[in-house]
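Structure below; questions to follow.
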Amino acid sequence: MPTTRHRDLIAAFAATGRNHPYLAFTLNSLCNLDCVFCKPRCMPDYGHKDRPLTTADYAAIAAEAGVWKIRKAHCSGGEPTLRADILDVIEGLADGLGCDAAIGMTSHGNLRRGLSVEKLHRAGLTYLNLSLHSLDPTRSATIMGGGDPRTTMRTLDEALSLGMRVKINCVLQRTYLDDAFAVAELARDLPVAVRLIELQNIGPAQALFDTEFINEADVRSRLHEWFAGAGEVSREQLGVRSPGQYLRPDGWAGSIGFISNSSCATCSDANRIKITPTGVARPCILHNRDIPLKPHLADSTLGDAFAHLFQAMLERNTNDAWQGFHYVDYDLRWDRMERPEGTPVLLPLLPVLPSAAAQPWCTRASNGER
């Protein structure tokens, strides 16, 4: 049951103006593809041997999150559908967060035999983010180290037929820019949100960055005919939490947005609670407030863990790097990044700070947009 501490922390977070927190689970580090900018198999701890969270753990975390009014959970990897228990994981998250929850997943869409979008949807999945970087099978295989975009498209069509929201993630590379534009043009006829993602100078992508990076401003200029007179689609309408504009060109069924963490990255609207495969919760990249959830699961004290997480997100507003640039997900998704032991957060409530909503998430020198 909600306590005074629950209510005070929830109210304090709401007063910042940011979206309410959501759970961002990395279910595994395994993937049966090998994208050139990710290449998980080259990592020394690929297929981390530590014991991952169980389906019962996910259900318990979701149930506690529901008490804190969290109504969204997103699953990624690796490739989350490689987990044999993926349907049970989704079902536990959906049951814990409640019937109005948004349960999503990022996948390359080449589902293993015996698994289908319909089964995922029946388990509680409400939306799907599909990684798609080229519609040409040969070039797609070069980028992703395998897979077939035609299979991904069948997955997309099935999701739309079931009434699910679909977003497409497409990483921008100069060599494959025309491929990215062809992917973006899927939104002309399909009610999907295509997200054009800047390459980040981290991990294996460092080897590509100098030659392949292209920024959002440059891409916008090349697509100016599409965007002339385009209407903006609200992030709330799309179920999108990342900062940025989503534009629907005139007459199009879907929209195009950008994730530009290299040229325009801030944490002003960050509200993810990252949870690694082994159960380390990370409420902030810049503040060291990581907290292992397994001891709290064992001791039935998840309420204390969530109080820590909410307070950590409130304190993030005082970080020296507030509104600064940062690289977002690469190492923090998994358990491979060495971080000092998490600094405990004092639980007495801090004064509510000025609203983040009143601060610009980004100012682009190229076009003055926010």
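Values in this text are rule-based calculations from the coordinates and carry no lab data. No experiment lies behind these values; they were computed from the predicted model shown. No Cβ is skipped: glycine too gets one built from the backbone with ideal geometry, and neighbour counts run over all protein chains shown.
Apply the a/c threshold of 1.5 to the C-alpha gyration tensor of segment 79-119 and tell me whether it is rounded, prolate or oblate.
It is prolate, given that a/c is not under 1.5 and a/b is the larger ratio.
Then there is this: Setting aside same-chain residues fewer than 8 positions from Lys72, which lysines have a Cα under 27 Å from its Cα?
The qualifying lysines are Lys119, Lys167, Lys274, Lys294.
Which order do the peptides 99-105, 170-176 come out in when sorted by mean C-beta neighbours inside 10 angstrom, highest first?
Peptide ranking by packing, descending: 170-176, 99-105.
Grab the alpha carbons of segment 99-227, take their convex hull, and tell me the volume per residue in Å³.
130
Another question, if that's okay. Cα convex hull of segment 78-171: mean projected area in nm², to one decimal? Intermediate results must be reported in sequence, preceding the final value.
Numbers: hull surface 23.5 nm².
Average of the hull's projected areas for segment 78-171 equals 5.9 nm².
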